[in-house]
Amino acid sequence: MLLQSNIPSPGPSPEIDPTFRRDVLSGLRQRERTIPARWFYDFRGSELFEKITALPEYYLTRAEQEILTEAAPQISSTIGARRVVVEFGSGSSAKTRTLLAAIEPSSYVPVDISGEFLRASSNALRLDFPHLPIHEVEGDFTQPLALPSGIDGHARIGFFPGSTIGNLRVPDAVNLLRAIGSTLGGGAMLLIGIDRIKDRETLLAAYDDTQGVTAAFNLNLLQRINRELRGSIPVDAFNHLIRWNEDESRIEMHLEAKHTVRFHIDGVPFSMAGGETIHTENSLKYSLREARLLLRAGGWRPIADWTDRQEYFSLILAETNRPNLAP
């Protein structure tokens with residue numbers, strides 16, 4: 001329950017990201033408190049996520065890397081050489097190396113919201129691909145972005161690995177796919193990772209590892225709020241909580257208050273009762289048919305797909321929809 005105050009809410013300090021402040025304050029005022037998952041990814045959050053991808057429980061990265069490695073010749077022949085690769089949410093660009101080696105792109109454009117992590121990853125990639133032009137774009141790829149002028153006139157392929165699309169509810173995912181299409185322009189292709197529906201035990205373990213890395217990743221969001229938004233949240237008063245929502249076919253990640261807590265964020269007071277949660281992330285799972293329908297709704301026509309040996313994960317290649325001239 002939000003504590004009411006007669007003191008006007010102060011405006012954002014100059015050093016505070018106003019969008020971050022708005023999302024956190026408005027999210028915590030809701031009846032069902034929530035903070036968008038994109039705010040996980042400060043430098044520390046990005047580091048922790050890279051550790052998550054190497055955990056034994058986290059099958060997604062291994063499954064997708066298996067697909068990229070084994071299907072590389074087919075992917076290359078279907079895509080063709082000399083396209084510009086634009087990666088949305090590039091992170092460490094670890095899996096990207098396999099794709100870049102396979103398709104001989106004309107240049108690479110990594111897009112990420114964490115500028116410091118983006119630049120460090122790009123510099124590391126330049127050591128492996130010294131002749132490949134790399135143009136970093138720091139920004140929120142959920143909105144249409146202006147790409148570097150140096151890639152004008154080149155065919156483009158978007159690379160969206162890791163099942164990030166699953167973090168969004170279906171209407172938002174459709175809007176994001178349309179935004180990606182707008183960013184890439186006509187004649188583009190998209191290679192996207194989408195996680196499949198599977199048994200509940202495997203899914204829960206992937207988001208609640210025994211080493212506690214995912215818990216640290218989730219709790220780091222509160223530490224970021226304290227640091228960047230002048231927060232006073234008692235981080236040790238919260239638990240990392242995972243739920244499987246059968247009706248929505250999604251894993252939900254929450255931060256649960258262990259007991260009643262009171263805190264301020266940039267001067268605004270809040271209170272939470274024990275057992276109340278802040279919903280921090282969704283991870284929707286799709287059948288192959290549902291994934292194809294999602295892409296079509298977002299303006300993309302699937303043309304090929306691959307899966308790993310356990311059929312845990314899908315990698316789908318799509319192209320921008322052509323006008324339908326049928327009556």
Taking region 311-323, which residues are open to solvent by 50 Å² or more (accessible area, probe 1.4 Å) and more than 12 Å from ASP195 (Cα to Cα)? ASN321, ARG322, PRO323
In the set ASP208, ASP236, which member is in contact with a Ser or Thr (Cβ under 8 Å, 6 or more places away or on another chain) and either open to solvent by 40 Å² or more (accessible area, probe 1.4 Å) or in a helix (DSSP H, G or I) (or both)? ASP208
Sort through ARG250, ARG227, ARG243 and tell me the only one that's within 26 Å of THR19 (Cβ to Cβ), open to solvent by 40 Å² or more (accessible area, probe 1.4 Å) and at pLDDT 95 or above. ARG227
With respect to PHE263, determine if the residue is open to solvent by less than 10 Å² (accessible area, probe 1.4 Å) and in contact with a Leu (Cβ under 8 Å, 6 or more places away or on another chain). no
Every residue from region 42-66 that is open to solvent by less than 40 Å² (accessible area, probe 1.4 Å), assigned to a helix (DSSP H, G or I) and of a type in the set (S, T, N, Q): SER46, THR61
For region 45-79, give me the residue count where each residue is farther than 19 Å from PRO105 by Cα and among the small types (Gly, Ala, Ser). 4
Hits in region 276-296 (condition: open to solvent by 40 Å² or more (accessible area, probe 1.4 Å) and either assigned to a helix (DSSP H, G or I) or closer than 23 Å to ALA216 by Cα (or both)): GLU276, LEU288, ARG289, GLU290, ARG292, LEU293, ARG296
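Taking the criterion of being under 20 Å from ILE52 (Cβ atoms) and in a helix (DSSP H, G or I), would at least one residue in region 252-272 satisfy it?
The answer is no; no qualifying residue exists.
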From the list ASP112, ASP172, ASP152, which residue is open to solvent by 70 Å² or more (accessible area, probe 1.4 Å), within 27 Å of ALA304 (Cα to Cα), within 17 Å of the chain's Cα centre (by Cα) and of a type in the set (D, E, K, R)? ASP172
Name the one entry in THR69, THR96, THR78 that is buried (at least 20 other Cβ atoms within 10 Å of the Cβ), over 30 Å from ALA273 (Cα atoms) and either over 21 Å from the mean Cα position of the chain (by Cα) or at pLDDT below 95 (or both). THR96
Six or more apart or on different chains, Cβ under 6 Å: which pairs go from a residue in region 285-301 that's under 15 Å from LYS198 (Cβ atoms) to one that's surrounded by fewer than 16 Cβ atoms within 10 Å (Cβ to Cβ)? Could you list them? LYS285/ILE197; SER287/ILE197
Name the single residue, out of those in region 246-272 being of a type outside the set (Val, Ile, Thr) and under 19 Å from the mean Cα position of the chain (by Cα), that is farthest from GLY27 (Cα to Cα). SER249
Residue match in region 222-231 (condition: touching a residue at least 12 places away in the same chain (Cβ under 8 Å) and over 25 Å from VAL111 (Cα atoms)): yes
Is it the case that region 274-282 has a residue that's free of Cβ contacts under 8 Å to residues at least 24 places away in the same chain and of a type in the set (D, E, K, R)? no
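The values are calculated or read from the model by the stated rules, or taken from the named source; none is laboratory data. Here the structure is a predicted model, which means the values were calculated and not measured. Cβ: placed from backbone, ideal geometry, glycine included. Neighbour counts: every protein chain shown. Keep in mind that these areas ignore ligands, DNA and RNA; they rest on the heavy atoms of the full protein, side chains included. Shrake-Rupley method; radii C 1.70, N 1.55, O 1.52, S 1.80 Å.
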